[in-house]
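Data block below; observations after.
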Amino acid sequence: MRMFKSQICLLTLAAAGALAQAQTDLVDFGMMTWPEVKAALAAGKTTALVYNGGTEQRGPQCVNGGHTLMAQATVLEIARKLGNAIAAPVLPFSPNNASPNLPGTIGLTPELFAAINERVAEQLIITGFKNVVLMGDHGGGQQQLGEVAKKLSEKYADKGIKVVWADEVYAKANEDFDKWLEANGYPYSTHAGIPDTSEMLYLGGDKGWVRKDLIPTAVGDPARRGTGDGGGRGRGGRGRGPADPNAPPRVNNGIQGDARRSTAELGRKLFDMKVDYAVRQIHQLLGNAN
């Protein structure tokens with residue numbers, strides 16, 4: 001009987017430890033209860049991460065929700081690595097415009113996008129967060145995130161609250177990954193190209209995020225510097241640049257470049273870069289407040 005009681009005590013302690021560990025690992029605001037949020041704030045998780053996704057056509061091979069799906073996985077991993085952060089729900093819309101020719105995009109105006117992020121950040125401040133980090137998975141909207149961060153930082157500076165824009169998770173990570181691809185003999189691509197398709201293969205290749213049977217034919221219009229998705233993935237402005245009268249007819253399937261050599265291994269490399277760049281920059285931006 002004594003041994004049986006000892007076993008019960010050990011099981012009880014193990015269960016309590018597992019519960020405490022599970023509560024410690026909670027970083028998804030949308031999957032937490034209000035008492036869990038309150039307890040996390042009291043325990044020092046006072047940094048809120050606001051990561052913006054988007055709903056946008058991503059070639060024939062990738063689902064339209066790619067920005068949001070990648071953003072969700074990215075922000076949760078950033079929160080885990082920071083240790084003192086909680087990820088707010090990902091906004092599934094970004095500055096963009098719908099198209100009847102490639103019907104996969106639902107966009108916001110830049111003004112509305114900025115207003116939503118400002119409202120969300122202030123709601124999180126009211127909730128009790130001392131730091132708010134704005135980030136985005138889409139080129140369009142990066143400028144607005146910077147402007148909102150500056151505006152709110154000035155507004156709440158006297159209360160010791162920081163609102164910052166972490167841009168390196170998008171621009172620098174993508175640019176450095178592009179350089180690595182080119183240095184290793186991969187073709188240059190932007191929207192729905194190797195980076196996008198590979199990351200979606202890594203994060204959701206077994207979840208239906210990518211139509212794998214279409215990857216062997218995933219070739220679109222030639223990708224040129226200064227083009228990309230809604231702001232050029234940090235490379236420049238919108239569009240395809242000046243029209244070339246001698247250029248072949250457009251494929252116009254949503255792909256800019258050649259995505260045929262996309263792999264989950266490449267996607268993991270890009271994902272890890274984005275997370276590492278974000279964690280490092282957030283530490284720099286928040287300093288002692290982090």
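The values are calculated or read from the model by the stated rules, or taken from the named source; none is laboratory data. This structure is a prediction, so every number in the text was calculated from the model and none was measured. Please note: Cβ atoms are built from the backbone with ideal geometry, for glycine as well, and neighbour counts cover all protein chains shown.
Key figures for this structure:
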read-out	value
Count of residues meeting criterion [under 16 Å from residue 285 (Cβ atoms), within 19 Å of the chain's Cα centre (by Cα) and either free of Cβ contacts under 8 Å to residues at least 24 places away in the same chain or not in a helix (DSSP H, G or I) (or both)] in segment 112-139	6
Some residue of segment 76-91 being in a loop (DSSP other than H, G, I, E, B), in contact (Cβ under 8 Å) with a residue 12 or more places away in the chain, in contact with a Gly (Cβ under 9 Å, 6 or more places away or on another chain) and buried (at least 18 other Cβ atoms within 10 Å of the Cβ)	yes
Residue, farthest from residue 116 (Cα to Cα), within segment 128-176, restricted to residues that are in contact with a Pro (Cβ under 8 Å, 6 or more places away or on another chain) and crowded, with 21+ Cβ neighbours inside 10 Å	174
Looking only at segment 92-111, and only at residues there that are among the hydroxyl-bearing types (Ser, Thr, Tyr) and part of a loop (DSSP other than H, G, I, E, B), the one that is nearest to residue 56 (Cα to Cα)	105
Filter result for the condition that a residue is free of Cβ contacts under 8 Å to residues at least 24 places away in the same chain, of a type in the set (Ser, Thr, Tyr) and either more than 21 Å from residue 27 (Cα to Cα) or surrounded by fewer than 19 Cβ atoms within 10 Å (Cβ to Cβ) (or both), over 55, 109	109
Near pairs, Cβ below 9 angstrom, 6+ apart or cross-chain, from segment 261-282 (farther than 12 Å from residue 195 by Cβ) to any residue that is at pLDDT below 95 and not in a helix (DSSP H, G or I)	282/290
Residue that is nearest to residue 171 (Cα to Cα), among those in segment 216-265 that are of a type in the set (Lys, Arg) and at pLDDT 55 or above	225
